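One structure below.
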Amino acid sequence: MGTQSKVVRAVRGGAVSGALGLIAAGLLLAVSGERVAAQDWVQSPWGADDELGAANLMTPERVKLAAELVTEGKVYSLGMIVGPDTPAFPPRSLSLTVLQPGQNGNSGLGNNNFTYNDDIFMGWLGIGPQIDGLGHAGVDHVYYGGRTYGDFAPASGLTELGLEKLPGLVGRGVLLDMAAYYGTEMVEEGTAYTKEDIQAAAEAQGVELREGDVVLFNSNWMDLLDGDAPDPQRFGAKEPGVGVSGAEYLAEIGVMAVGADTWGMEVVPAETEGDAFRAHQILQPEHGIYILENMDTRALADDGVHEFLFVLGQARLQGAVQMIINPIAIR
């Protein structure tokens, strides 16, 4: 275990305090970069061995309250359709092959001629509508709870923070329609949702953000894929999204997950030139908050729905960092 890993594990496990803690923090600052040590975020509020992060906020009481939001029984599918041509963060791609195994040249299985189709998926799990598990985003190879890359991320799959540990996400969903807030058909790329924007949009749309919420943002960005003037190249090049102060505000509230109808959830290009996916770092390694990308929120926005029951049950593939998903919103 290298110097960085030793220091992070010491801080994470509470083995240092007082003056020694300051020395360790200083060493961590020198080894891992200024942002790693800035907030002592390597110590999870749910304990040194926690692997669920903000999913710990999914209490039975909150789930029951969220279920009371169902008044009409209308179901909204939030997962966009994904295929080999779906724009994705490079070098991600996928392909699908359909086979009829063992059935060529015969009438199938058994006297009743049973035939069937199977499919083989080849590709990245972080493509299309997806959840980013807590093992995804880090700061200089330091991840949620102070774990370092060498501690838990071999090529064979995550040994900690894998998405098989997550039972799913169920809770109060909140949609902030940023296109409506800005008074535009589609929010322009490079538009950062600041703390002030999020607060004002919530107030204008009559909804309160609370601890344990799943907060989704609608920009109508997906019209670039299937609208009247599709432009997939523009869709995948840049995007509007959550800014740094917006991410910090959502983390301060204590939301469970943050999602958007864009491929990266946060604003691209970054507000500060030279930064890369800073909102991911604020939400995931620093606060254990899940990220949902490429959520098709247009139907919710069209119906003026801002509060709903959110239900997600992802495939529990052992050691997976990300997963293609189709969450459900129920009003």
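Below are the figures for this structure:
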| item | result |
| --- | --- |
| Residues of the range 152-169 classified as surrounded by 21 or more Cβ atoms within 10 Å (Cβ to Cβ) and either touching a helix residue (DSSP H, G or I) at 6+ places or on another chain (Cβ under 8 Å) or β-branched (Val, Ile, Thr) (or both), total | 4 |
| Qualifying positions in the range 249-287 - surrounded by fewer than 17 Cβ atoms within 10 Å (Cβ to Cβ) and free of Cβ contacts under 8 Å to residues at least 60 places away in the same chain | Glu252, Ile253, Thr272, Glu273, Gly274, Asp275, Ala276 |
| Number of the condition not met by Ala301 [criteria: (1) under 18 Å from the mean Cα position of the chain (by Cα); (2) outside any loop (DSSP other than H, G, I, E, B); (3) aliphatic (A, V, I, L, M)] | (1) |
| Flag for Glu188 being surrounded by fewer than 18 Cβ atoms within 10 Å (Cβ to Cβ), in contact (Cβ under 8 Å) with a residue 40 or more places away in the chain and not in a helix (DSSP H, G or I) | yes |
| The range 235-257: number of residues that are among the hydrophobic types (A, V, I, L, M, F, W, C), touching a strand residue (DSSP E or B) at 6+ places or on another chain (Cβ under 6 Å) and in a helix (DSSP H, G or I) | 1 |
| Condition met for Val305 (of a type in the set (A, V, I, L, M, F, W, C) and surrounded by 24 or more Cβ atoms within 10 Å (Cβ to Cβ)) | no |
| Close pairs (8 angstrom Cβ cut-off, 6 or more residues apart or separate chains): farther than 21 Å from Ala55 by Cβ in the range 291-312, of a type in the set (S, T, N, Q) and not in a strand (DSSP E or B) anywhere | Arg298/Asn220; Ala301/Asn220; His306/Gln205 |
| Among the candidates Gly246, Gly227, residue that is of a type outside the set (Phe, Trp, Tyr) and either in contact with a Cys (Cβ under 8 Å, 6 or more places away or on another chain) or modelled with pLDDT under 95 (or both) | Gly227 |
| Any hit, the range 95-102, residues being under 20 Å from the mean Cα position of the chain (by Cα) and either surrounded by 12 or more Cβ atoms within 10 Å (Cβ to Cβ) or over 30 Å from Pro230 (Cα atoms) (or both) | no |
| Check on Gly135, under 19 Å from the mean Cα position of the chain (by Cα) and buried (at least 24 other Cβ atoms within 10 Å of the Cβ) | yes |
| Whichever residue in the range 48-89 is surrounded by fewer than 18 Cβ atoms within 10 Å (Cβ to Cβ), on the phi < 0 side of the Ramachandran plot and small (Gly, Ala, Ser) and, among such residues, is nearest to the chain's Cα centre (by Cα) | Ser77 |
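The values are calculated or read from the model by the stated rules, or taken from the named source; none is laboratory data. Treat the numbers as computed from the prediction; the structure is a model and nothing was measured. Here the Cβ is made from the backbone with ideal geometry for all residues, glycine too, and neighbour counts use every protein chain on show.
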